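One structure is given below, encoded as structure tokens.
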Amino acid sequence: MTTMSPDDWDARYAATGNVWSITPNEFVVEFLRDLPAGKVIDLAGGEGRNALWLAARGWQAEVADFSQVALDKFIARAAAEGLGEQCFATLADATHPTEYKLAPADLGLIAYLQIDPAGLSDAIVSLTAALAPGATLFGVWHERENLTRGFGGPQVPEMLPTMDELTAACERAGLRIRTLEVRERHFENAGVSRVGIDVVLLAERE
Ligand SMILES: C[S@@+](CC[C@H](N)C(=O)[O-])C[C@H]1O[C@@H](n2cnc3c(N)ncnc32)[C@H](O)[C@@H]1O
């Protein structure tokens with residue numbers, strides 16, 4: 001299986017201004033825009049596009065990632081946008097238990113952490129442990145079907161979770177699933193219209 005190390009990610013983040021769009025993911029907006037502001041932990045949050053969108057809406061936002069370069073970019077953008085006092089960075093491997101700064105949080109967020117199923121299950125367990133009872137966990141990933149009918153993302157099946165794998169991870173973590181569905185995402189890449197096949201999870205800590 002092809003996996004990227006923290007050094008690989010650091011190099012990718014250091015190579016260009018923004019690796020990802022600076023706007024939040026469309027499903028993050030759709031599912032989370034009506035939540036009252038509180039404390040959010042964005043696991044594998046990268047440059048923090050989703051955390052920064054929440055911070056601008058009044059949230060205290062912690063991005064955890066194993067790329068220090070990504071975290072530095074997140075903190076620099078937070079400062080530039082006047083959100084520095086609400087934003088926190090934690091260098092951590094998502095698959096290991098971690099003492100998050102904002103635990104117990106009201107919201108846990110995971111966007112496109114494409115790793116092997118056992119590692120992803122460990123990450124969901126670790127993030128859930130940092131949530132308050134009744135808190136929300138939201139996740140979005142390239143789904144397995146993206147390999148055959150979607151554009152972009154890893155081309156390794158094991159790194160694209162299925163609904164069954166996510167259901168099992170939620171059970172192990174103690175999460176009640178509210179929504180688990182495959183969704184299409186339409187976007188432009190180099191001037192060409194593309195579709196991505198994502199899986200979206202909304203769950204609640206028991
Ligand atoms: C595709 S990017 C998504 C970034 C961000 N969530 C977003 O949607 O813009 C995946 C991120 O996961 C991070 N990552 C991958 N494996 C990780 C791990 N085991 N622990 C922590 N971060 C990890 C990478 O450094 C990268 O920032």
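Volume per residue for the range 68-127 equals 98 cubic angstrom (convex hull of Cα atoms). Give the residues of the range 125-165 whose amide nitrogen is closer than 17 Å to a point set 7 Å from the Cα of residue 186 in the direction of its Cβ. Within reach of a label on residue 186, which here means backbone N under 17 Å from a point 7 Å along Cα→Cβ, the range 125-165 contributes 150-151.
Under 15 Å from the Cβ of residue 90, count the other residues' Cβ atoms, weight Lys and Arg +1, Asp and Glu -1, and hand me the total.
Details: positive: 39, 73, 101; negative: 42, 47, 62, 65, 72, 93, 99.
Counting the neighbours of residue 90, the net charge comes to -4.
Distances between placed amide hydrogens fall under 5 Å for residue 143 paired with 197, 198, 199, all partners being 5 or more residues away or on another chain. In order along the range 163-168, the phi-based Karplus estimate (6.51 cos²θ - 1.76 cosθ + 1.60, θ = phi - 60°) of 3J(HN,Hα) comes to 5, 5, 5, 5, 4, 5 Hz; Gly and Pro are listed as x.
With helices as the sole contributors, the chain gives -9000 deg cm²/dmol at 222 nm; each DSSP H run of n ≥ 4 counts as -39500 (n - 2.57), and the sum is divided by every residue. Shape summary of the range 105-164, radius of gyration then Dmax from alpha carbon positions: 12.7, 38 Å. Where the alpha-carbon atoms of the chain are placed on the principal axes, they occupy 43, 40, 32 Å, in descending order. Here the gap between residue 171 and residue 151, fully extended at 0.36 nm per residue and compared with their Cα-Cα distance, gives a gain of 4.2 nm.
Counting neighbouring Cβ atoms within 10 Å and putting the fewest first, the residues 188, 143 line up as 188, 143.
Quick note: the coordinates plus some simple rules give every number you see, no bench work behind them. From a predicted model like this one, the values you see are computed outputs, not experimental measurements. Glycine also receives a Cβ, built like all others from the backbone with ideal geometry; neighbour counts cover every protein chain displayed.
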